[in-house]
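Visitor: Got a structure for you, written out below as structure tokens; questions coming shortly.
Readers should treat all values here as calculations from the given coordinates under stated rules, not as data from a laboratory. On a predicted model such as this, the values are computed, not experimentally measured, just so you know. Using ideal geometry, Cβ is built from the backbone for each residue, glycine included, and neighbour counts are taken over all protein chains shown.
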Amino acid sequence: MMFDPQVIIEKLPEIGSGLFVTIILWAAGMIGGVALGFVVATLRRFCGPAVNLPLGFVVEVLRGTPFLIQIFLLYYGGPFVGLMLDPTPCGLIGLTVYSAAYYSEIFRAGFAAVPPGHVEAAECLGLTRMQIIRRIQIPEMALIVLPPAVNLSVILLKESAVLSIITVPELTATVSAIGSQQYAFLEAIFLLAVIYWVLVEATDRLGRLAEHRLARLRFSKA
Amino acid sequence: MLKKHLVKAALGAALLISTALSAHADALSKIKEAGVIKVGTETAFAPFDFIDAGEHVGLNVDFFAELGKDLGVKVEWVALPWDGVFPALEAGKFDFVAGPATITKARLERFKMTAPIAEATVAILKKAGDKTITKPEDIAGKAVGAGKATAQLAQLQEYSATLPKKVDAREYVSFNDAYADLAAGRIVAVANSLPNIAFVAKQRNGAFEVVTPAFGKKAYFGFIGKKDADSATLVEYVNAEVLKMKKDGRLGKMQEKWFGTTFDTPDEVNDPAF
Amino acid sequence: MTLKLFTLLLQAAISTVGISLVSIAIGFVIAILLSAARLSGKAIYVAPTQLFISFFRGVPLLVQLLLIYTLLPVIGINVPSVVAAIIGLSLCTAAYQAENMRGGFESVPKGLIEAAEVTGLNPTQTFFRIRVPIALRLTLPALVNEAIMILKSSSLVSVVGIIEITKMAQDLASSTYLPIPIFLSAGLIYLVINWVIAMLGRYAEKSLAGTSA
């Protein structure tokens, strides 16, 4: 079997559009997941057991089952209960909810890592609960939260490849379809591996850079 | 006199050795030696190949069971998503592909295909009672599903180009997923070969309907083998089995069992319509 | 959703659990070797280790599995489905486990290593008797998480021809038209297995903590 890059070059526009869909879904899923995850973590910490326990259960279910099963349930099961989503919105909601469960746990660990003394000191100074969250807890959390959050983002990018299974025209779906049409299977798999690898490496490096910046910022303030 | 005998014996021995050597690479002899034929397929292509309440059944299963009996070997199935089946065949993961696959020009260039086992002409499956689709051209501008890496998808895309408004062709990992989405209403039709959609329409009592006439070009299903020299005898054997079972009525019985009808198929397809 | 369908899912769970456990075990051994290579500090060992970890963390498992299943034969290594699935999952988890272990190895007190060297242990002995046990105790929670991740990732191995819980659920959903009860049951089975893994992990943590006291 010969490796033929010509096939790939001819199909660059299509591959580009698949890559675009992947990156948009990934970015949107990440932003949605961080936002929802933060809300969940905050609710669980500050709203008592009546909120904490059921939310904790949902988070455990989402973290304990494969993303693929969740997506199948949402996509193929949804219409049976009147929830009919097109592939791309369905994929986006799936990614958001799945990653929110993980992000919420990262934020929870972040909250827990803020020394209670700092919060008490702020209370003594007369800061309101919102002020304490915004001025004390979030900045102190950021440094603890960043490394696992970057790691999760990488996992999320890779999980998005699963969406090819519900016909979302993302990178994996596009490139593997080209591979089958052109009988260029190996070229297709190889190309996929390289593109994801580059994206993941770039994300990792950006994450590390952000960590350094944040650490410097903190020390300079102190 | 003696000399002549010696020469003959030597020639005979040489011939024996050479056949024994070549037999080593020959796919058919290897299968006989191992006592197992490995067949790759996709198990979401009813009624040829599907999982019925956990059991692998269909025309493919019946056919290869008969072939296994004739050849005296066991049949081992490897089930993959359809777009992974041809790469795996080329990678040597199994000896033959059941599928079946539509006999097309592109596939004949790359693989060897057996005599037809059924008709494969592509038509449309719609939701029962959908009055917006009464003839094939009504799918113009609408969302229609088909399996990834299939000839049916290629036919749909080709047909779409002839319509006033292009079809929004959705590619599913398997046709089963496309049927599920048709039932859900995300797509208005599924383009697949007539025998398949006729079966599905009958199975899902009244949920689906076949739209006639077929829009695709006349086509047939066959099994697929590799094109290399080692596989030549195996391809020949499976092809001969198809023709044999067609002649002795076994294939007809299988068609009757799975499709409720028999097909009039040619003994070979050398120049497919697409 | 009948008992028969649920039984079929449970049968498929045997493949899921079997393949996952074997992969985690093999991945664990590879991860220890990778850690040893990285701790050696020699570029000829460190560079390939970094490349390995970067690659297997950087490429989606779906793509890795296809690479192993269809690309390895090109260089003359043809492996059956089960082996391909186990290789894919093992290499992937090895990369993640090695990353997790790094933190553990870095936390081993320098003094302990020096003490071991002074008492006459050679570097190999120091590695296996001092560094590995301490690092493992520190990274056990991460190892349990990784085991759960791999169990979930095994839902993808049907692309190389393995019938496990997810593939069985898909087949059953399309033949019975009951996607909701079937996918819910499949999810429940994953949850129970993961719950058992988490319990075992907690038990191991406790008993390890006991020995250190």
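Visitor: Do you know which residues across segment B:80-96 are more than 14 Å from chain A (Cβ to nearest Cβ) and either free of Cβ contacts under 8 Å to residues at least 40 places away in the same chain or outside any loop (DSSP other than H, G, I, E, B) (or both)?
Guide: B:Phe96
Visitor: Check segment A:136-147 and report whether any residue there is over 19 Å from C:Leu67 (Cβ atoms) and within 11 Å of another protein chain (Cβ to nearest Cβ).
Guide: Yes; the residues of segment A:136-147 include at least one that is over 19 Å from C:Leu67 (Cβ atoms) and within 11 Å of another protein chain (Cβ to nearest Cβ).
Residues checked against (1) among the hydroxyl-bearing types (Ser, Thr, Tyr); (2) surrounded by fewer than 23 Cβ atoms within 10 Å (Cβ to Cβ); (3) within 16 Å of A:Met30 (Cα to Cα); (4) within 23 Å of the chain's Cα centre (by Cα):
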site: A:Glu140; (1), (2), (3), (4): no, yes, no, yes
site: A:Asn151; (1), (2), (3), (4): no, yes, yes, yes
site: A:Ile166; (1), (2), (3), (4): no, no, no, yes
site: A:Ala177; (1), (2), (3), (4): no, yes, no, no
site: A:Gln182; (1), (2), (3), (4): no, yes, no, no
site: A:Phe185; (1), (2), (3), (4): no, no, no, no
site: A:Ala193; (1), (2), (3), (4): no, yes, no, yes
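Visitor: Exactly one of (1) in contact (Cβ under 8 Å) with a residue 40 or more places away in the chain; (2) closer than 17 Å to A:Tyr183 by Cα; (3) surrounded by fewer than 21 Cβ atoms within 10 Å (Cβ to Cβ); (4) touching a Ser or Thr at 6+ places or on another chain (Cβ under 8 Å) is unmet by B:Arg107. Its number?
Guide: Exception for B:Arg107: condition (4).
Visitor: Read through the list (1) free of Cβ contacts under 8 Å to residues at least 40 places away in the same chain; (2) touching a helix residue (DSSP H, G or I) at 6+ places or on another chain (Cβ under 8 Å); (3) closer than 28 Å to A:Leu83 by Cα, then give the number of the only condition that C:Leu188 fails.
Guide: Only one criterion in (1) free of Cβ contacts under 8 Å to residues at least 40 places away in the same chain; (2) touching a helix residue (DSSP H, G or I) at 6+ places or on another chain (Cβ under 8 Å); (3) closer than 28 Å to A:Leu83 by Cα is unmet by C:Leu188, namely (2).
Visitor: Out of everything in segment B:172-198 that is of a type in the set (Ser, Thr, Tyr) and over 19 Å from A:Val81 (Cα atoms), what residue ends up being nearest to the other protein chains (Cβ to nearest Cβ)?
Guide: Selected residue: B:Tyr172.
Visitor: Considering segment B:229-270 alone, what residues qualify as being assigned to a loop (DSSP other than H, G, I, E, B) and either under 17 Å from the mean Cα position of the chain (by Cα) or surrounded by 13 or more Cβ atoms within 10 Å (Cβ to Cβ) (or both)?
Guide: Within segment B:229-270, B:Thr262, B:Phe263, B:Asp264, B:Thr265, B:Pro266, B:Asp267, B:Glu268, B:Val269, B:Asn270 qualify.
Visitor: Then there's this: Residues that are within 14 Å of chain B (Cβ to nearest Cβ), at least 1 per element: which helices (runs of 4 or more DSSP H) completely within segment C:102-185 meet that?
Guide: The qualifying helices (runs of 4 or more DSSP H) are C:165-176.
Visitor: Among the residues of segment B:111-147, which ones are on the phi < 0 side of the Ramachandran plot, surrounded by fewer than 24 Cβ atoms within 10 Å (Cβ to Cβ) and in a loop (DSSP other than H, G, I, E, B)?
Guide: Listed by number, the residues that qualify are B:Phe111, B:Ala115, B:Thr121, B:Ala128, B:Asp130, B:Lys131, B:Thr132, B:Ile133, B:Thr134, B:Lys135, B:Ala140, B:Lys142.
Visitor: Hey, another quick one. Check segment C:64-78 and report whether any residue there is surrounded by fewer than 15 Cβ atoms within 10 Å (Cβ to Cβ), free of Cβ contacts under 8 Å to residues at least 24 places away in the same chain, over 25 Å from A:Val154 (Cβ atoms) and away from chain A (no Cβ under 14 Å).
Guide: Yes, that holds for at least one residue.
Visitor: Would you call C:Ala84 touching an Asp or Glu at 6+ places or on another chain (Cβ under 6 Å), buried (at least 19 other Cβ atoms within 10 Å of the Cβ), farther than 28 Å from C:Pro133 by Cβ and within 14 Å of chain A (Cβ to nearest Cβ)? Before the answer, list the steps.
Guide: Numbers: touching an Asp or Glu at 6+ places or on another chain (Cβ under 6 Å): no; buried (at least 19 other Cβ atoms within 10 Å of the Cβ): yes; farther than 28 Å from C:Pro133 by Cβ: yes; within 14 Å of chain A (Cβ to nearest Cβ): yes.
Taking the combined requirement at face value, the residue does not satisfy it.
Visitor: Residues that are touching a residue at least 40 places away in the same chain (Cβ under 8 Å), within 14 Å of chain A (Cβ to nearest Cβ) and more than 19 Å from the chain's Cα centre (by Cα): does segment C:9-19 have at least one?
Guide: yes
Visitor: State yes or no: is B:Pro100 in a strand (DSSP E or B), touching a residue at least 12 places away in the same chain (Cβ under 8 Å) and away from every other protein chain (no Cβ under 14 Å)?
Guide: yes
Visitor: Scanning segment B:46-79 for residues that are free of Cβ contacts under 8 Å to residues at least 60 places away in the same chain, farther than 21 Å from C:Leu172 by Cα and in a helix (DSSP H, G or I), which turns out farthest from the other protein chains (Cβ to nearest Cβ)?
Guide: Checking each candidate, the answer is B:Lys69.
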